[in-house]
Every structure is written in C-alpha cells, then in structure tokens.
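The values are calculated or read from the model by the stated rules, or taken from the named source; none is laboratory data. Only a predicted model underlies this, so the values are computations on that prediction, with no experimental measurement involved. Here the Cβ is made from the backbone with ideal geometry for all residues, glycine too, and neighbour counts use every protein chain on show.
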Amino acid sequence: MKPAKLALEDGSVYSGTAFGAEGEAFGEVVFNTGMTGYQEVLTDPSYKGQIVTMTYPLIGNYGVNSEDVESTKPHVEGFVVREVSRVASNFRSTGDLHSFLAKHGIVGIEGIDTRSLVRHIRNRGVMKGVLSTLDLEDRSLVDKAVASPGLVGRDLVKEVIPSAAIHWQDGFKCEFAPSSAIYQDWARGSGGELPLVVALDYGMKWSIARHLVESGCRLTVLPGDVTAEEVLSHNPDGVFLSNGPGDPSALEYAVATIRQLLGHVEQTGMPLFGICLGHQLLGQAWGGSTFKLKFGHRGANQPVLNKLTNRVEITTQNHGFAVRPETLPPFVECTHFNLNDQTLEGMRHRELPIFSVQYHPEASAGPHDSSYLFGQFRKMIADAVPA
C-alpha cells in the first residue's frame, strides 16, 4: 500500500495509493467514460503522452488477456482509477491489471475521488500533470507538472509508429520476407481477387487492421512518416490514414504526403479513407485547420449524427483535437457531427472517393452503428479497380 500523488499544473493535488509500477509519469491528464475496454485504452497508441482517468469506479474486474490489445504494449503515461479490483474474474483472463501495468512500467494510482477530478477537468479543461510514487511533496510535483512538455506542437507519432512495413493476413500481423512462399500467397490474394490497401500508420489500432482485412482486402502497413512515392510504389488499390496521438498541426511531413496522395486520387480515382488523426490530417491537407478541444472526447458512448442518412450513431471516440469545418474548401462536404458539442465528426469529397471520420468505427460501440464505413471503403475500391 505505497502512497502516490497526482498533481495538476493548476496546483490541484490528489493523494491515493500506488499500483502497477513505481516511478514518476508526466502527461496530459484526460478522462475516459467507458465502463469496459480498459485494456484497449491502455494499449491504444493514441493515448501516448496522456495520463488516463477512468470514470467507471471499478477497473480490473475482468483482468487482462492476450487478445484485447491494440498494440504490442501499453502507451498511456499513467493510469488513474477509483478502485482496482483485487479479483480478475473472466474465463478469458490470463492475468490481473496490477501485474500487467507493473510488467510494462506504467504507474497507476487508485483511491482518489475520480468524480472530483473529472468534474475539475471538465470545468477547467485538460491540463498537464505528474503522477508519482517517488516525490510526494505537493509544491515540487506542481512545479514538475508546469514544466512538463504537454501535447500542443509535439510530434508523438514518431514515438509509436513501426520501423518498417508490416503485412496483415487473416486478421493477424505477419512480418515475412518478400521472397518467402507465404508472401507470394499473400501478394496474390484469394484467387488473385483481393485488392491491396496501404495503411499509413500514425499509431494504428490493431482492430482497424483486422477490420480492413475482414472487409476483403490485403493490407500493408507503412510507417506514417513515409513519402507519397513510397506509398505508391506498392501500387495500392486504396490508401488508409490511421489514428494516432498528439497534435496534428505538428505533423507537417504527414500532411505533405497526404497532399501528394490527393493529387494521385484526382488522376486515378484511387479511394482514400481516414480515421481520427487521419481525418484531422486529411482536413489539413485540404487546407483546413484544427483546434484543441477543452477536454476532448474519450469513451464508448458519443452520439454522432450522420447527415447523409439522418440517423444517430453511438460511437467510440478518443481525440483531443478537431477540424474546423468553416476552414474547409467548398468541395468538402461535412457529413457527421457530434451531438454533444456539434464538432465535426466526418467529411467527404463531393466528387472523388475520399472520406474520413473522427470517431472509431472499428470499436463497435453501437455495436454495429458505424461498421458500414469499412464496407463503404471496400465498395469504393471495387468500383475503382478495373474488372
């Protein structure tokens, strides 16, 4: 029962009990409203640079397993909960949350009033913080929080992207040599019929890759800092722009690549689809601007209006920035809006096969309200590929 403290840059300090690893963690303190899915939250690369607070009061009750992960390891900087379950009860569980965080060096704190913390963030906005089991002096911790780097203007994508190309087969990541027999089978597809999608990985969740494969595509994942020439050298039938962490305005190299790919779409009709950070980067490539939300959208219960169908979708979201719709050019149609704050959640080109959404259709919050988007992308590819 080692003590721990969470301090915010505005001088607020919360005392609790440590779990997971010992140490000190810095990040933007945010909250997630999901009642389940904490393992997906922990391993989602989009949470890089953030200390995540769960609003549901009991976390860890179904343990952890090797299936509900979105990457190779946790990416959160720290984890804040009201109470950690001492019992991991689920037939799929292979371990407990405390041991999982300790193994991966993630500092956690429990026993604080998370309702008070979330209300404070909601009223004041997200802010920088420090979570520590080492330094328990309030003034020292607040000074450290103030001096920490924060997210604005910071490139976190290069801290989470893969170092080389990755291929996916049957929903699983496969790292194999181009000369191997398995690569040749993959390259031919099923009877030579499956189109190739190249995904630009800015911190992509594995469940997105699985959905793209399940929709009927071969998938090659490239690091998000590659050039347009490298993307097109794979002769893709479609391009996907992934989710990822941090401030989109810091990723000028990604915007430049997307802008070149848009020129290729104009010439060839190759479809392009973006999710979350990919949506924001697409908006910037079109000449639009982004802004930081007061406390962001993070959870599995965000209502979104699809203006094309006039239906409401219940969505999973994880973002702290948004595209300003008024800055987009006339050829862009705004298709989806968040019903809580009217921020932009989706857009498409009025003539070309290019579209994006701010939320996560692969996360099945509805549970199937938004799964049509992968089918829509697959159909665009089928319509664009010559018979």
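Surrounded by 20 or more Cβ atoms within 10 Å (Cβ to Cβ) and either touching a Leu at 6+ places or on another chain (Cβ under 9 Å) or in the same structural domain as LEU281 (by TED's automatic domain parsing) (or both), is that true of HIS368?
Judged against the criteria, HIS368 is not a match.
Looking only at region 219-237, how many residues end up being hydrophobic (A, V, I, L, M, F, W, C) and more than 20 Å from TRP206 (Cβ to Cβ)?
3
Which one of the conditions (1) more than 21 Å from MET204 (Cα to Cα); (2) modelled with pLDDT under 95; (3) of a type in the set (A, V, I, L, M); (4) buried (at least 21 other Cβ atoms within 10 Å of the Cβ) does ALA88 fail to meet, given that it meets all the rest?
(4)
So, in region 56-76, exactly how many residues are aromatic (Phe, Trp, Tyr) and surrounded by fewer than 19 Cβ atoms within 10 Å (Cβ to Cβ)?
Total meeting the criteria: 1.
Give just the number: which of (1) aromatic (Phe, Trp, Tyr); (2) surrounded by fewer than 24 Cβ atoms within 10 Å (Cβ to Cβ); (3) not in a helix (DSSP H, G or I) does TYR253 not satisfy?
Tallying (1) aromatic (Phe, Trp, Tyr); (2) surrounded by fewer than 24 Cβ atoms within 10 Å (Cβ to Cβ); (3) not in a helix (DSSP H, G or I), TYR253 fails exactly one: (3).
Looking at THR343, THR335, THR327, can you tell me which residue is among the hydroxyl-bearing types (Ser, Thr, Tyr), under 30 Å from LEU232 (Cα atoms), surrounded by fewer than 22 Cβ atoms within 10 Å (Cβ to Cβ) and touching a residue at least 40 places away in the same chain (Cβ under 8 Å)?
Working: THR343 fails: under 30 Å from LEU232 (Cα atoms); THR335 fails: touching a residue at least 40 places away in the same chain (Cβ under 8 Å).
That would be THR327, the only listed residue that is among the hydroxyl-bearing types (Ser, Thr, Tyr), under 30 Å from LEU232 (Cα atoms), surrounded by fewer than 22 Cβ atoms within 10 Å (Cβ to Cβ) and touching a residue at least 40 places away in the same chain (Cβ under 8 Å).
Of the conditions (1) touching a Gly at 6+ places or on another chain (Cβ under 8 Å); (2) closer than 14 Å to PHE321 by Cβ, VAL197 fails just one. Which one is it?
It fails just one condition, (2).
Matching residues to (1) outside any loop (DSSP other than H, G, I, E, B); (2) without any contact (Cβ under 8 Å) to a residue 12 or more places away in the chain:
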{"residue": "GLU193", "(1), (2)": "no, yes"}
{"residue": "LEU200", "(1), (2)": "yes, no"}
{"residue": "SER207", "(1), (2)": "yes, no"}
{"residue": "THR220", "(1), (2)": "yes, no"}
{"residue": "VAL226", "(1), (2)": "no, no"}
{"residue": "VAL231", "(1), (2)": "yes, no"}
{"residue": "ASN235", "(1), (2)": "no, no"}
{"residue": "VAL239", "(1), (2)": "yes, no"}
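Output the qualifying pairs, or none if there are none: Cβ atoms under 6 angstrom, residues six or more apart or on different chains, first residue in region 346-361 and under 11 Å from VAL265 (Cβ atoms), second residue of a type outside the set (Lys, Arg) and in a strand (DSSP E or B).
Here the result reads ILE354/LEU272, each pair linking region 346-361 to a residue that is of a type outside the set (Lys, Arg) and in a strand (DSSP E or B).
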